[in-house]
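What follows draws every value from the coordinates through simple rules; no lab data is involved. Model, not experiment: these values are computed from the prediction. Virtual Cβ from ideal backbone geometry, glycine too; neighbours counted across all protein chains shown.
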Amino acid sequence: MPWRLWMAFAALASAAPPGRADLPAYDPAACRACHASLYAPAAKHRAGDACNICHAPVAGAGRCRSVLTKAWRTTATCRDCHQSIGRVPHPHAPVVNRPCVACHEVHASALPGMLRGASAETFCYRCHEDDVTGRTSVHFPVAQGECNACHFPHGGGRAKGLRAEPGRELCGTCHSEIGATGTVHPALENGCGDCHDPHGSDRRALLQKEVAALCADCHTIDGRHVTSFSAAGHRMEGVPDPHAPERALSCVSCHDPHSSKSPKLLRWGASTMEFCDWCHGDRSGMHPELKDIHRVKRAPRGPAAAPGSPAGPGAAR
């Protein structure tokens, strides 16, 4: 950093904030002489060396007695600078009921945002129950301790401090490809939370239930699938997914749960008959390159498949 710019920042850090000309004069070097450890961690309070923003140093008998400019363990001192924190329709409960120091270090911290605690990944579990550790699937931001990817930490204009409306608006900030093309599954209009847990799940893809049970919430699943072609109907479970033999066959083996350019949200093909070629070989006479692969070894016992089977050749996804 150019030395003139560095000097300008140093001057700003030691100066009284706007409208605070009444703050007592003091020597920043004298504070550092006794309180050097407060300056060591990575994240420091933006006040820098301007200790007199929060403290009223009083010299006497060769010693310095530092008192807060306002009552300790209240948000009054913090509000002098952080005036907008928590003044929203849905504030985070600790902002209303507890002092700022319940979550934040006062002078410096090794964590971002001057948070208290050993790690950002576990910080929110100081108050919120850890219901994701050990789960089969954990939402990536949760695993990284980045709860503020979806929530405003001090509160916001929506319930739970959400940064956007729950569903496609919020989830779409990261998952913009979901439901972006073709026919969109109407379930998406109700929000992603009907099918997925936003934090963690014991099932693949953060699913709220096993695939068949989840689909049965809206669709009638009576084992009579494709009876117009086969009187016995199409198998829907109990056999492996031909395109992912490690998973059990389920609704999402054939249907994309979010959107598709194929009819009936099928994963491939311009027609239902053409789609059958994907597993059963060239039944339509349109794809001689496709082989019958539907007789594969049984998948291991476990949860039904979740979205993610690979697309077939020439797939319109």
For region 110-127, what does the Karplus curve 6.51 cos²θ - 1.76 cosθ + 1.60, with θ = phi - 60°, yield as ³J(HN,Hα) per residue in whole Hz, taken in order and with x for Gly and Pro? 7, 9, x, x, 6, 6, 7, x, 8, 8, 5, 4, 10, 4, 5, 6, 4, 10
Non-local amide H neighbours of Leu162 (under 5 Å, H modeled in plane, Pro and chain starts lacking H): which ones? Phe152
Kindly flag which residue pairs out of Lys160/Lys264; Lys160/Lys209; Lys209/Lys291; Lys209/Lys264 have an alpha-carbon separation exceeding 25 Å in this structure. Lys160/Lys264; Lys209/Lys291
Backbone N within region 156-200 under 12 Å of label point (7 Å from Asp131 Cα along the Cβ vector): 197-200
Would you calculate the separation in nanometres between label points at Asp194 and Arg116, each defined as 7 Å from the Cα along the Cα-to-beta-carbon direction? 4.2 nm
So Gln83 and Val101, fully extended at 0.36 nm per residue minus their Cα-Cα distance, gain in nm 4.9 nm
When the label point is put 7 Å from the Cα of Ala164 along its Cα-to-beta-carbon vector, which residues of region 129-155 have a backbone N closer than 13 Å? 149-151
Sorting check: for 44-55, 155-166, 78-89, which peptide has the highest mean count of neighbouring beta carbons within 10 Å, and how do the rest follow? 44-55, 155-166, 78-89
